[in-house]
Structure formats: structure tokens, C-alpha cells
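The values are calculated or read from the model by the stated rules, or taken from the named source; none is laboratory data. All values reported here derive from a predicted model rather than from experimental measurement. A quick note on method: Cβ atoms are made from the backbone with ideal geometry, for glycine too, and the neighbour counts reach across all protein chains shown. For accessibility, only protein heavy atoms count, side chains too; no ligands or nucleic acids. Shrake-Rupley method; radii C 1.70, N 1.55, O 1.52, S 1.80 Å.
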Amino acid sequence: MPTSTRINVLFLASEAEPFVKVGGLGDVAGSLPRALRGLNQATGEAQGKLDVRLVIPFHPAINKDAYTPVFVAEFPIHTLDGDILARAYSIDLDGLPVYLIGGTPIDNETAVYSVDFAADGYKYVFFSMAALALVRELDWKPDILHANDWHTAAAVYSMALQRPIDSFFRHTASVLTVHNLPYLGSFTSPALDAFGLPPAVDSNLPIWAQHMALPLGLLTADYIVAVSPGYSMEIKTKEFGSGLATFLSAHDEKITGILNGLDTSKWDPATDGELAARFDFNNLAKRSINKSFLQDELGLEIDPLIPLLAMVTRMDPQKGVDLAVDALRVLLQSDDEHLPHFQAVFLGTGSPILEDSARKLEQDYPDRIRARILYSDQLSRHIYAGADALLMPSRYEPCGLSQMIAMHYGCVPIARATGGLSDSIKDPADSDDCTGFLFKKATSTALAVAIKRALKMYLHQPKHWQELRIHGMHQDFSWDRSAQQYLHCYRMLLH
């Protein structure tokens, strides 16, 4: 337990808003540390003051002119081939201390995640080792080392090896958050060798995983947090366990799930300046202005009674884009007279095959479908605020952010019951306080049935549809909720 009520948390991530963001990890690392520090005002000294410090690589992609980094230290990181100098800079981000670490392995890679997997492995193992060395240079002892995914898992493993013989880290506990288990860092073995981190040959890891960054982090972390309760259960199954299901089941006592939060200051229909009309659940009628604006923007028929479906996503098989295309095609070809006329829009980039399938659907139904193959924050906001329902037929979804944004904007999610989607969406069949529609099997048929259920309520039960929207807008997806749960984990470990 810390000698005072202060809890020092070293938070490591490969990306973080507002500095650099590629995926959902950037949202988490940009929001959670600030939410944790915010608990100091919310909870008071009785629950322990949190000193959270964020450390990320000083990626060349970071706009150096937008900030004023202050040089902190330069120090050597030992490898079998000689020392590599690491440089650390600090930035104050609204009261959150942020450290940026540079050095040749980071400086030489222009992309946050490289197509050269070996170079990526070397970069992030270097970063992990440098982050541990940095706190020594600062003489700031962390009570909690909080790492995220394979990129920083080597720091957990290295610290575990050092703790028995190193007084600096002897009382530091570790938390490893798993955002996407299949990304194991399978190419990190040469880098781990180079930085003197041996295989875990006497462990219960599968042989193939004994010299891989994420499995080693999972083995030695004091606590493992999946990004939703549902995902914490799924990773212990053969279907979602990426070959580690048996190992993770054996470590069940140190695994939990905490649903990621939503930055409600960034995603708020009452203050969003990109919208044609701002609204909240007290003046939901204004939302129809956004729907008409979106239909006009997309070149679709402007009619408030036509249900408008949407998919805002990375064009990736994981996201079930092919399921959505196939399900919509079946529904568009249906001669069911009870199926209402509907419109749909796709927004996103990714797999060329999936992009082409969305374009082909638009070509075949030019008056009903739109495929916008691009990244546009502005259009995504217009869609969340104007579409009636959001499709999320993910084959797996550790947490998911789009469903939270959609509900906050009064857009009803239609999603597969997996991971964080089943944790955050309540189906009418399961709850009176329903917020969306869920289906179980990852098939286009199951999705089509769920869409039909939603369209039926939209057309024949408008009062229930309105209640469902309002229930969704009332959900608390703030980071404060998640931060409180992480604080509970920290305190449990320190006791």
C-alpha cells in the first residue's frame, strides 16, 4: 500500500488523443487518465489522491508545433547490441502530466503502426523499457503500472522480472487492459531478445506464446482488465480466446471487465456545432431537422417518415460489413408488403473488397442506398444525429464506441450480442428499459430479422420507438463511471 493516501499511476499507451489517434485505444488513453485525475475533485482525499501520468511515444506524426514539449531527460536503454539513447519531453494537458518518449526506434518510423511488423515490435519494446527507465530518472515511484495491449505489455513483463531484486518497483502493482486480444504482438520475439527479456519457459503459457509481448504481459500482470464485462468472458472461450482460452481460464481470478466510456463533452447533441439543429431528450422534435438535412446531404428523398439506417465503421470483416450489405440486399429484394420503404448509408474506409460491395449496393439501388467511402468526422456526426438506426453486426466487438455515440444522439443501435455491444444495449425482449435491438448469430439472416423487428416498431409503434430513443439518450456512458471502477481495481491491488 502507498505510504500516503496518494496513488501514483503510470499509464502507458501507444496512442492518445489529442496528440495522435489511430483507433479506439487513442480515445481511451486520451480520456481515462484525465477522468481518473478528475476523481480527485469528485471523491476527496478520503479515497486517495490519484497522481496519474500518461506516457506515449513521441511519434513523428505528432504535431510538434501544436504543443510546447519541455525536455526532461536523456538516458540509455540497454540492448544486447549496445545502448540506445531515449529522450523524454513533458507536456501539461489540462493538469495531466504527459511524457513523450523519443529515440531512434521511434524516430525512424513515420507511422504509428508500421507494415514492418519487426520494426514495430522493436519500437514498442524499446518504448516499454524506456517508460520504466523514465520514472527512475524522475525518481517518481508508481504504485500502479497501467499498460494497454501488446504495445506496452513488455513493460509489465520486464517489471515483473525486476521486482524481486529491485527496490524501486518492489511495491508497484500492474494492470494490463486488453482492447483487442487477437493482436498478440506475435512478431516481438526478436525485440524481446534484443532487450534482454527471456521466454517464459516454465509458465503455463502455450509454447508458441512464451516469447510474445501480450501473452507475457498477461502472464505477469497482477490484474487483467478487458474493455467490457462481456469481452472478459469471451476471451476465455475457444472462439474468441486467440489460442489463449485455456491459459486465461486458469487465471480467471485476476480477470475482470470494465466498459469503456464516452467523452460526453466531445459527443453531445446539445452542444455539437456540426449539427443542423442541436437537441436533447427534452426537445427531441428538433432531431427531425437533422434527418432532413442528412437526407438532402446524401441526395436521398427527403421524407421524415422513411426510416434511415446507417453504418459508420472501419470497413473490416470484424465489423460485419458484408453481413450488413447482404442483409440489406435481401430486404431490398423482398416482396414483403409489410416491410416499409427504407434508406441506408455506409460511411468508412478499409478493405477494398468491402468498399466495393457497398458501392455495388448503391449502384443497384441508387434511390435507396449511399456508400460514402471516406473518413469524415463531420458526416459521422450528421449520421448519428439524423439516422434512425445504426447497424453494428460485428463478429466480435471488445467494447465498441459507435453504439454509445448513437444512443447519445437518439440513433437506435441494431447490433450483434457480443462483447461490449451486449453490455451496453438492452433489447425489448429482455428489458422494459430497452435501448436497441440485438441478435445472436453472426449471419446476414439474423441481422435482417433484427432490422425487420426495428422497422416494425418504427412503423407501427412510434410511441415505443420514441421511448426507446429517450432511454438510450439517458444512458450513463461517461468516463467517470469507468474511472471509478478502475480506481476500485487499483485500491484492491494496493491493499
Spatial separation of Cα centroids for region 398-419 and region 303-322, in angstrom: 12 Å
Set of lysines near residue 236 by C-alpha distance (under 27 Å), chain-local residues within fewer than 8 positions excluded: 254, 319, 426, 440, 441
Directionally averaged shadow of region 262-414, computed from the convex hull of its alpha-carbon atoms, nm²: 8.8 nm²
Tilt relative to the chain, helix 321-333 - C-alpha long axis, 0 to 90 degrees, to 10: 0 degrees
Distance between region 272-301 and region 51-68 - C-alpha centres, whole angstrom: 36 Å
The chain - percent of accessible surface contributed by carbon and sulfur, probe 1.4 Å: 53 percent
Viscosity 0.890 mPa s, temperature 25 °C, Stokes-Einstein D of region 235-345 from Kirkwood C-alpha radius, µm²/s: 134 µm²/s
Cα-based convex hull volume of region 62-155 per residue, rounded to whole Å³: 118 Å³
The chain, helix-only ellipticity at 222 nm - DSSP H runs n ≥ 4, -39,500 (n - 2.57), divided by all residues, nearest 500: -12000 deg cm²/dmol
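Using packing as a proxy for protection, rank 298-304, 58-64 so that the peptide with the highest average count of other Cβ atoms within 10 Å comes first. Don't skip to the end; give the middle numbers.
On the way: 298-304: 14.6, 58-64: 16.3.
Ranked by mean Cβ neighbours within 10 Å, highest first: 58-64, 298-304.
Counting only DSSP beta bridges with both residues in the chain, what percent are antiparallel, rounded to the nearest 5?
In the chain, approximately 25 percent of DSSP beta bridges are antiparallel ones.
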Length-normalised contact order for the chain - Cα pairs under 8 Å, 6+ apart - percent: 12 percent
In nm, spacing of pseudo-spin labels at residue 318 and residue 377 (7 Å Cα→C-beta vector): 2.2 nm
Given charges at beta-carbon only (K, R positive; D, E negative), |dipole| of the chain in Debye: 660 debye
Which of 484, 148, 245, positive extreme of dipole for the chain (C-beta unit charges): 484
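Computed FRET efficiency, Cβ-Cβ of residue 92 and residue 335, R0 60 Å: what is it to the nearest 0.05?
Numbers: r = 63 Å, r/R0 = 1.05.
Taking R0 as 60 Å, the efficiency between residue 92 and residue 335 is 0.45.
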Cα centroid of region 345-360 to Cα centroid of region 131-174, whole Å: 43 Å
Folded to 0 to 90 degrees: helix 479-494 orientation relative to the chain principal axis, Cα: 30 degrees
Largest to smallest accessible area among 377, 27, 120, 430 [probe 1.4 Å]: 430, 377, 27, 120
Kirkwood Rh in Å, taken over the chain so that all alpha-carbon pairs contribute: 23.8 Å
Unit charges at the beta carbon, dipole of the chain: most positive-side option, 14, 302, 351: 302
Probe 1.4 Å, accessible area per residue of the chain, Å²: 40 Å²
Aspartates and glutamates whose Cα lies under 15 Å from that of residue 452, excluding same-chain neighbours fewer than 8 positions away: 326, 335, 336, 337, 388, 427
Protection-proxy order for peptides 469-478, 79-88, each taking the mean of Cβ atoms within 10 Å per residue, highest first: 469-478, 79-88
Dipole magnitude (debye, nearest 20) for region 248-346, charges at Cβ of Lys, Arg, Asp, Glu: 320 debye
